[in-house]
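Participant: One structure, as structure tokens, below. Some questions next.
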Amino acid sequence: MIPASPTQPSSLPLEQLSPSSRTRIPDAHADAAFTLDERELAERRARSKRRLHTVQIPAIRAIGFVVLCTMVLLQEPAGARFGHEARLLLALDLIYPLLSWIALRLCFGRTGPIDLGLVFLHLDILAWLPNLGRLETSNLFFGYLLLVRVADQTGFGMRRALYFDNVVTVAYLGWSALASAHGSPVATWSQRLTIAATIYLIGIYLSLTGAVTEQLRGRTRRAVRTARQLVAELQHETKQLEAQAVELEHARRAAEEASRIKSQFLAVMSHEIRTPMNGILGTIELLLLTHLSQNQQQLAKLAQQSARSLLGLMEDLLDLSRIEAGRLRLQPVMFDLRALLEEVVELTRVTAGQNQITVSAHLPATLPRSVHADPMRLRQLLLNLLHNAVKFSPPRTGRAMLEAVVLDSRPGRARVRFEVRDNGIGIPSDQLERIFEAFAQVDSSATRRYGGTGLGLTIVKELVDVMGGHITAESSPGVGSVFRVELEFATEGDINGSL
Ligand code: ADP
């Protein structure tokens, strides 16, 4: 009597596991018993097989023999003397399973191709026959006890159960032949043949249930195999992703380092070039004060113009590199906002005047008087926007305007929007986002016509970001553009309180 749930190999064959699956899944939440390690799996399987054949099956067989003994004792006629033969039988029922258990424990795995467990499953039937001889004197029905061997083998599958069905039928027929040779009066041949045929048929029926068990086990095995494959693939992908993450991290560091070096180089170079450029500009100015022929004056002015634009470019590059390197520090102080805006407009008028472009300002009375910010940077960004408005507006009819709108004003804080408008060439809508990128210009021919580097708006945007505000642009080609910058300022009350 053997358990009908044998531990058969139910997991993925070792060779099907990928090499990457040799390691245990490093997931703290994973089932501690789960492993993809081939060696560990093989060891576990061998251990559980040994336990099954040397502990579980022998223990259940021994219990079966104890049950058999009890049946024999119960079938003894009341008051009958417990004879020599009966004692021998009981000794056989108790000693045989014990000896076979010991043999299995000592010899399991050492008998080469012979499966000792299977040998004992056959010998059990031989050991049952003398018990059957005693039991069937009271009832022939006890012959069906042999079917226990078929039933307990269904867990191993249909073929094995069918095989034992044949074995027990042959054993019963053999036993019947032996009994009739000894002239046993218990049953006639036709009775025994009927029992043998019934044993065989019931055995077939039991074997069919083995097929169902086999199917279920097959399904479980396939599910486990699929799960293992999925886990192995997942692990492989995780490793690939980890490797990619490491590569990306390297690339990011390299890019950061390259950008830092570039910014440093730009800062150093711009600084180094600025000094001699100021020398050149100063010298040209002095030269222009001397007595020069008309032609010489024209050439000196051209040199002055070129030196100025080169210096402008240097200033822009220096600013950009400072911003990119995160080294731009604002120097906030209290200042008169209205005065600063008027100054910006006045400065722009000087350049606009050359092309007869009108520059106006619209500053409301509600504008906070004193605000706390970096006046140099605010002047720089507004000058940049106004300078563009003038640059891209038509001579004589062009108009540039600076307007301030107070969006919110509470004691100590004010939110102001600065709008720079023009009626210039405008910007196509698909280019509006791009113009804030470094060196971006809507039309490369514009560089020749209007001059410029494509750095002005990049610096403006960065400055607005550093100041915690935001900038937007709206434009229609041929009609004009408007740039809006929103900034929040601490005003007098708050500053006095917080300083
Ligand atoms: P640039 O030195 O070329 O003026 P900016 O970064 O200031 O560099 O501007 C980038 C580009 O955006 C300009 O080349 C121009 O094509 C476009 N742009 C900027 N402001 C205006 C404007 N007010 N009107 C039309 N186009 C403008």
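The values are calculated or read from the model by the stated rules, or taken from the named source; none is laboratory data. Keep in mind that this is a model prediction, so the values were computed, not measured. Neighbour counts are summed over all protein chains in view; Cβ atoms, including those assigned to glycine, are modelled from backbone coordinates with ideal geometry. For the accessible areas, the whole protein counts, side chains as well, though only heavy atoms, and no ligand, DNA or RNA atoms are used. Shrake-Rupley method; radii C 1.70, N 1.55, O 1.52, S 1.80 Å.
Participant: For the stretch 307-333, which residues satisfy the criterion of being surrounded by 18 or more Cβ atoms within 10 Å (Cβ to Cβ) and among the hydrophobic types (A, V, I, L, M, F, W, C)?
Facilitator: Of everything in the stretch 307-333, those that are surrounded by 18 or more Cβ atoms within 10 Å (Cβ to Cβ) and among the hydrophobic types (A, V, I, L, M, F, W, C) turn out to be A307, M314, L317, L318, L320, I323.
Participant: Filter the stretch 440-474 down to the residues that are touching a Ser or Thr at 6+ places or on another chain (Cβ under 7 Å) and at pLDDT below 85, then identify the one that is farthest from the ligand (Cβ to nearest atom).
Facilitator: Result: G451.
Participant: Looking at the stretch 241-275, which of its residues are of a type outside the set (A, V, I, L, M, F, W, C) and exposed (fewer than 11 other Cβ atoms within 10 Å of the Cβ)? Quick ask: steps written out before the conclusion?
Facilitator: Pass one, the stretch 241-275, residues of a type outside the set (A, V, I, L, M, F, W, C): 242, 244, 247, 249-250, 252-253, 256-257, 259-260, 262-264, 270-272, 274-275.
Within the stretch 241-275, E242, Q244, E247, E249, H250, R252, R253, E256, E257, T275 meet the criteria.
Participant: Find the residue count for the stretch 225-239, including only residues that are surrounded by 14 or more Cβ atoms within 10 Å (Cβ to Cβ) and small (G, A, S).
Facilitator: Adding up the residues that qualify gives 1.
Participant: Can you confirm whether D408 is modelled with pLDDT under 90, out of contact with any Pro (no Cβ under 6 Å at 6 or more places or on another chain), more than 10 Å from the ligand (Cβ to nearest atom) and open to solvent by 40 Å² or more (accessible area, probe 1.4 Å)?
Facilitator: No, not satisfied.
Participant: Can you work out which of the residues in the stretch 422-440 that are out of contact with any strand residue (DSSP E or B) (no Cβ under 8 Å at 6 or more places or on another chain) and either under 21 Å from L378 (Cα atoms) or part of a helix (DSSP H, G or I) (or both) is most open to solvent (accessible area, probe 1.4 Å)?
Facilitator: D430
Participant: Here are some conditions: (1) modelled with pLDDT of 85 or more; (2) of a type outside the set (G, A, S); (3) at negative phi. L313 meets all but one. Which one does it not meet?
Facilitator: (1)
Participant: Restricted to the stretch 381-402, and to residues that are away from the ligand (no atom under 12 Å from the Cβ) and open to solvent by less than 40 Å² (accessible area, probe 1.4 Å), which residue is nearest to the chain's Cα centre (by Cα)?
Facilitator: L382
Participant: While we're on this one: Could you say which residue among L126, L135, L104, L121 is among the aliphatic types (A, V, I, L, M), crowded, with 18+ Cβ neighbours inside 10 Å and over 21 Å from R51 (Cβ atoms)?
Facilitator: Step by step, each of L126, L135, L104, L121 is checked, and only L135 is among the aliphatic types (A, V, I, L, M), crowded, with 18+ Cβ neighbours inside 10 Å and over 21 Å from R51 (Cβ atoms).
Participant: Take the conditions open to solvent by 70 Å² or more (accessible area, probe 1.4 Å) and farther than 23 Å from R327 by Cα and apply them to E285. Does it pass?
Facilitator: Yes, satisfied.
Participant: Also, quick follow-up: Right, T348: touching a residue at least 12 places away in the same chain (Cβ under 8 Å), within 18 Å of S481 (Cα to Cα) and open to solvent by less than 30 Å² (accessible area, probe 1.4 Å) or not?
Facilitator: It is true that T348 is touching a residue at least 12 places away in the same chain (Cβ under 8 Å), within 18 Å of S481 (Cα to Cα) and open to solvent by less than 30 Å² (accessible area, probe 1.4 Å).
Participant: List the residue pairs whose Cβ atoms are under 6 Å apart, where the first residue sits in the stretch 117-138 and is within 13 Å of G64 (Cβ to Cβ), the second is among the hydroxyl-bearing types (S, T, Y) and open to solvent by less than 50 Å² (accessible area, probe 1.4 Å), and the two are 6 or more positions apart or on different chains.
Facilitator: F120/S100; A127/Y96
Participant: List every residue pair whose Cβ atoms sit under 8 Å apart, with the two residues 6 or more apart in sequence or on different chains, where the first one lies in the stretch 453-480 and is exposed (fewer than 15 other Cβ atoms within 10 Å of the Cβ) and the second, anywhere, is in a strand (DSSP E or B) and of a type in the set (V, I, T).
Facilitator: Listed pairs, sorted by first residue: H470/V485.
Listed here are the residues, each with its yes/no results for (1) under 30 Å from F156 (Cβ atoms); (2) free of Cβ contacts under 8 Å to residues at least 40 places away in the same chain.
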site: V224; (1), (2): yes, no
site: L241; (1), (2): no, yes
site: S270; (1), (2): no, no
site: P276; (1), (2): no, yes
site: I284; (1), (2): no, yes
site: Q296; (1), (2): no, yes
site: S306; (1), (2): no, yes
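Participant: What tally of residues in the stretch 146-177 results from selecting those that are touching a residue at least 40 places away in the same chain (Cβ under 8 Å), among the aliphatic types (A, V, I, L, M) and open to solvent by 50 Å² or more (accessible area, probe 1.4 Å)?
Facilitator: So the count comes out to 2.
Participant: Another question about this same structure. When you scan the stretch 201-212, how many residues do you find that are surrounded by fewer than 19 Cβ atoms within 10 Å (Cβ to Cβ) and touching a residue at least 12 places away in the same chain (Cβ under 8 Å)?
Facilitator: Number satisfying all stated conditions: 5.
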